[in-house]
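Everything below concerns the one structure shown next.
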Amino acid sequence: MEWTSKSLPYLTARPPGAADAWTEEAAEAGRRGSQRILHAGETAAPAAVAVAAMLDLAAGSTVVVRRRVIELDGEPTELTDTYYPPDIAAGTPLAGTAKIRGGAVTLLAALGHIGVRVVEDVTALMPLDEEREHLRLGAGEPVLRLARTTYDAADRPVQADVMLMPAGHQQLRYEIRLDPSRPG
């Protein structure tokens with residue numbers, strides 16, 4: 001299963017009544033995109049992936065997390081942990097296991113948190129046993145880890161994503177359009 005992943009559709013709020021970006025992107029390619037939410041709620045920010053630093057919080061701070069297995073045609077293609085500062089997400093659907101119509105970015109926008117800047121870091125590594133199981137990988141199969149932080153207009157981090165993708169099945173494509181009205 002080969003897939004070229006693009007970031008931009010996942011950074012923009014969806015129109016009212018629209019499906020989430022993954023479901024729509026897969027459908028446009030004639031495929032079926034779905035996700036299973038494994039866990040959601042408050043937890044201590046994991047140190048292993050520096051989530052507290054990504055969200056500009058003190059080490060060990062409480063964050064809201066949503067852990068999902070992203071599937072393409074019924075096969076796992078990504079394991080995604082999305083983290084939010086608790087003052088943004090606690091008590092909202094972001095802290096629950098129900099699917100969010102239009103996706104989390106649409107809900108964040110409705111809550112007044114619109115992303116305007118994103119920083120992504122990509123690393124190749126070997127998955128942990130639990131990650132390997134969720135992604136149905138064999139021993140020795142590496143993953144790509146994409147760590148993304150989304151910032152609002154005040155340059156506050158509002159969302160941190162840590163995505164693991166089987167390295168042998170993914171291509172990451174970046175298309176960057178600069179706003180000529182904004183200096184440097």
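Would you check if there is a residue in segment 32-45 being outside any strand (DSSP E or B), out of contact with any Phe, Trp or Tyr (no Cβ under 7 Å at 6 or more places or on another chain) and under 21 Å from Arg173 (Cα atoms)? The answer is yes, given that some residue of segment 32-45 is outside any strand (DSSP E or B), out of contact with any Phe, Trp or Tyr (no Cβ under 7 Å at 6 or more places or on another chain) and under 21 Å from Arg173 (Cα atoms). Exactly one of (1) at pLDDT 90 or above; (2) of a type in the set (S, T, N, Q); (3) exposed (fewer than 14 other Cβ atoms within 10 Å of the Cβ) is unmet by Thr80. Its number? Failed condition: (3).
Here Arg66 meets the list (1) in a loop (DSSP other than H, G, I, E, B); (2) surrounded by 12 or more Cβ atoms within 10 Å (Cβ to Cβ); (3) in contact with a strand residue (DSSP E or B) (Cβ under 8 Å, 6 or more places away or on another chain) almost entirely, failing just condition (1). Pairs linking a residue in segment 81-99 that is touching a residue at least 60 places away in the same chain (Cβ under 8 Å) to a residue that is hydroxyl-bearing (Ser, Thr, Tyr) and assigned to a loop (DSSP other than H, G, I, E, B), with Cβ atoms under 9 Å and 6 or more positions apart or on different chains, are Tyr84/Thr92; Pro85/Ser61.
Taking Ala40 as the residue in question, decide whether it is surrounded by fewer than 14 Cβ atoms within 10 Å (Cβ to Cβ) and among the hydrophobic types (A, V, I, L, M, F, W, C). Before the answer, list the steps.
Working: surrounded by fewer than 14 Cβ atoms within 10 Å (Cβ to Cβ): no; among the hydrophobic types (A, V, I, L, M, F, W, C): yes.
The answer is no for Ala40.
Please state which one of Arg145, Arg136, Arg173 is basic (Lys, Arg) and under 22 Å from Thr43 (Cα atoms).
Numbers: Arg136 fails: under 22 Å from Thr43 (Cα atoms); Arg173 fails: under 22 Å from Thr43 (Cα atoms).
One residue alone meets the criteria, Arg145.
The lone criterion from (1) farther than 20 Å from Ala95 by Cα; (2) at pLDDT 80 or above left unmet by Val51 is number (1).
Could you list, in sequence order, the residues of segment 147-172 that are surrounded by 16 or more Cβ atoms within 10 Å (Cβ to Cβ) and free of Cβ contacts under 8 Å to residues at least 40 places away in the same chain? Hits for segment 147-172 are Tyr151, Asp152.
Would you say Thr97 is surrounded by fewer than 17 Cβ atoms within 10 Å (Cβ to Cβ), among the hydroxyl-bearing types (Ser, Thr, Tyr) and farther than 14 Å from Gln159 by Cβ? Full working, then the answer.
Details: surrounded by fewer than 17 Cβ atoms within 10 Å (Cβ to Cβ): yes; among the hydroxyl-bearing types (Ser, Thr, Tyr): yes; farther than 14 Å from Gln159 by Cβ: yes.
Taking the combined requirement at face value, the residue satisfies it.
When Glu28 is tested against the conditions (1) surrounded by fewer than 16 Cβ atoms within 10 Å (Cβ to Cβ); (2) in contact (Cβ under 8 Å) with a residue 24 or more places away in the chain, the lone failure is (2).
Gly30 meets all of the listed conditions (1) at pLDDT 90 or above; (2) under 25 Å from Leu137 (Cα atoms); (3) not acidic (Asp, Glu) but one, namely (1).
The values are calculated or read from the model by the stated rules, or taken from the named source; none is laboratory data. Predicted model, so just to flag it, every value in this text is computed and none were measured. Reconstructed Cβ throughout: ideal geometry from the backbone, glycine too, with neighbour counts over all protein chains shown.
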